[in-house]
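**Student:** Here it is, the structure, as structure tokens.
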Amino acid sequence: MNHRSSTPNRYEASIEQHRRRCQVVAGGVNSNVRLAGRPAPLTFARAAGAHLWDVDGNRYIDYAGGMGPMLLGHGHPRVLDAVRRALEVGQCFAGQNEYEAAFAEQLVGAVPWIENIRIGLSGSEMDLLAVRIARSITGRRRVLRFAGHYHGWLDPLLVGAGPLPTPYGRPPVGAGQSLAASDDVLIAEWNDLEVVAEVLDAEDVACVLMEPVMCNTGVIAPADGYLEGVRQLCRRHGTLLVIDEVITGFRLGLTGAQGFLGVQGDMTIYAKAIASGYPMAVLGTSRELLAAVGRGEVNHSGTYNAAVLSVAAGVETLKILVETDPYPALERTTGRLVAELRRIGAHKGLAVDHIGGSMFQLRFGPADTIRSLAQYVDGSDQAALIRFLDALQDVGVRPTSRGLWFVSTAHDDAVVDETLERTEAALARC
Ligand SMILES: Cc1ncc(COP(=O)(O)O)c(C=O)c1O
């Protein structure tokens, strides 16, 4: 890759790290999401609060937030203390630890529609567990999911959004993936209730799986009545509704998108913000739906599931969220940032998609409401977005590589002021 920025030496040490990694690590990264290192691939030396520092000593105001987990900012002192104490307890027991009951009780206490949980490592795995439970309960195999949503990198849920078969159909899969694994997965455009009705009429569907707010392509809210409609259709057809709150959970409020939007699924998947950057994901549902897992009939296993440090971080993260209720302040900070970005970017065609909560998407295109992947593709000038994201990195503001911003409790007014100043400088370059 040809790494170019307005200040050529700014990334020297990062580029050297990348060069070394590329000799021994495929593509120089350990997650394909990080392949697009533009305008230069960064290597970070450390993080604190709302900031990251790269190995060249450049400071970034961080809005990537680890791709979502860092809701409390980097290195929240209470989380660090809890993890330090847990270090003395142990790491991995091939058995239970005392944090597990505490965590589950807290989560069940915080989210009224959750009675039982299982803890795993990643959102990808827990989405698959939900599908497995849905199949075992309903005796059906089909899964309906939506174009532009993401449910992890594993077969069978990683299916291409490609050109959609009309009005729904079997999606394409990536190189090396099993066609058989995704044989039962159907994909439809998001926010089209008629298609959901058509699929559930025509096929025996075990579960409908969705991000309640599409955050993996823009930030796209469900249209009025859409979630309620899907909920009703699922009930009518005996299909389970799985709500993937890996991004929205604990970010769109303590009860996530389901609390925010007032519609509840049958199973919920949490990850990211639930444990402040430690590897942990959760499936939460009723006692009844998890019973077969508890009896050992539906398999859910994993060496590192509920490892000591992760659950200790989860316990403390949930405690902080319940005790301090950071949501009004997060809403204020994010609202101000969104309003100011719209103001300073309007003349360049910058649109900001935000429905509430501490995440939003930048887009170059008409400020109209976007409702689907197809509309997003039409309404977003990707080349302009990439130019702007390159310029933002050069001035030390770091959203995710697709223009999604995550705000944390560490982003105070001074950080927002500095962000806006730097963002204006980046806009001037585009
Ligand atoms: C909505 C959603 N579901 C599932 C996943 C997969 O989670 P993980 O990366 O922890 O496997 C992601 C990851 O970004 C996600 O955004």
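The values are calculated or read from the model by the stated rules, or taken from the named source; none is laboratory data. Everything quoted here is computed from the prediction, not taken from an experiment. With ideal geometry, Cβ positions are generated from the backbone for all residues, glycine too; neighbour counts draw on all protein chains shown. We work out accessible area using only protein heavy atoms, side chains counted, and drop any ligands, DNA or RNA first. Shrake-Rupley method; radii C 1.70, N 1.55, O 1.52, S 1.80 Å.
**Student:** Check the range 355-368 and report whether any residue there is buried (at least 19 other Cβ atoms within 10 Å of the Cβ), at pLDDT 95 or above, in contact with a strand residue (DSSP E or B) (Cβ under 7 Å, 6 or more places away or on another chain) and part of a helix (DSSP H, G or I).
**Tutor:** No, every residue in the range 355-368 fails to be buried (at least 19 other Cβ atoms within 10 Å of the Cβ), at pLDDT 95 or above, in contact with a strand residue (DSSP E or B) (Cβ under 7 Å, 6 or more places away or on another chain) and part of a helix (DSSP H, G or I).
**Student:** Test G249 against the criterion of being within 22 Å of R78 (Cβ to Cβ), within 12 Å of the ligand (Cβ to nearest atom), open to solvent by 20 Å² or more (accessible area, probe 1.4 Å) and in a loop (DSSP other than H, G, I, E, B), and give yes or no.
**Tutor:** Taking the combined requirement at face value, the residue does not satisfy it.
**Student:** Being aliphatic (A, V, I, L, M) and surrounded by fewer than 16 Cβ atoms within 10 Å (Cβ to Cβ) is the filter here; which residues of the range 89-108 pass it?
**Tutor:** Within the range 89-108, V89, A94, A101, V108 qualify.
**Student:** So which of R336, R343 is open to solvent by 10 Å² or more (accessible area, probe 1.4 Å), at pLDDT 95 or above and either within 20 Å of the chain's Cα centre (by Cα) or within 26 Å of A257 (Cα to Cα) (or both)?
**Tutor:** That would be R336, the only listed residue that is open to solvent by 10 Å² or more (accessible area, probe 1.4 Å), at pLDDT 95 or above and either within 20 Å of the chain's Cα centre (by Cα) or within 26 Å of A257 (Cα to Cα) (or both).
**Student:** Hey, among R85, R140, which residue is outside any helix (DSSP H, G or I) and at pLDDT 95 or above?
**Tutor:** Selected residue: R140, the only one of R85, R140 that is outside any helix (DSSP H, G or I) and at pLDDT 95 or above.
**Student:** Return the residues of the range 64-80 that are touching a residue at least 24 places away in the same chain (Cβ under 8 Å) and either open to solvent by 50 Å² or more (accessible area, probe 1.4 Å) or in a helix (DSSP H, G or I) (or both); say none if nothing qualifies.
**Tutor:** Result: G65, G66, M67, R78, V79.
**Student:** Here's another thing I want to ask about it. Working carefully through the options I61, I133, I114, find the one that is open to solvent by less than 10 Å² (accessible area, probe 1.4 Å), modelled with pLDDT of 95 or more, outside the structural domain of G277 (by TED's automatic domain parsing) and not hydroxyl-bearing (S, T, Y).
**Tutor:** Among I61, I133, I114, only I61 is open to solvent by less than 10 Å² (accessible area, probe 1.4 Å), modelled with pLDDT of 95 or more, outside the structural domain of G277 (by TED's automatic domain parsing) and not hydroxyl-bearing (S, T, Y).
**Student:** Here are some residues: L121, L179. Which one is within 16 Å of the ligand (Cβ to nearest atom) and either surrounded by fewer than 19 Cβ atoms within 10 Å (Cβ to Cβ) or at pLDDT 90 or above (or both)?
**Tutor:** None of the other options fit; the residue is L121.
**Student:** Within the range 387-398, is there a residue that is in a helix (DSSP H, G or I), open to solvent by 10 Å² or more (accessible area, probe 1.4 Å), more than 30 Å from L227 (Cβ to Cβ) and among the acidic types (D, E)?
**Tutor:** So far as the range 387-398 goes, yes, one or more of its residues are in a helix (DSSP H, G or I), open to solvent by 10 Å² or more (accessible area, probe 1.4 Å), more than 30 Å from L227 (Cβ to Cβ) and among the acidic types (D, E).
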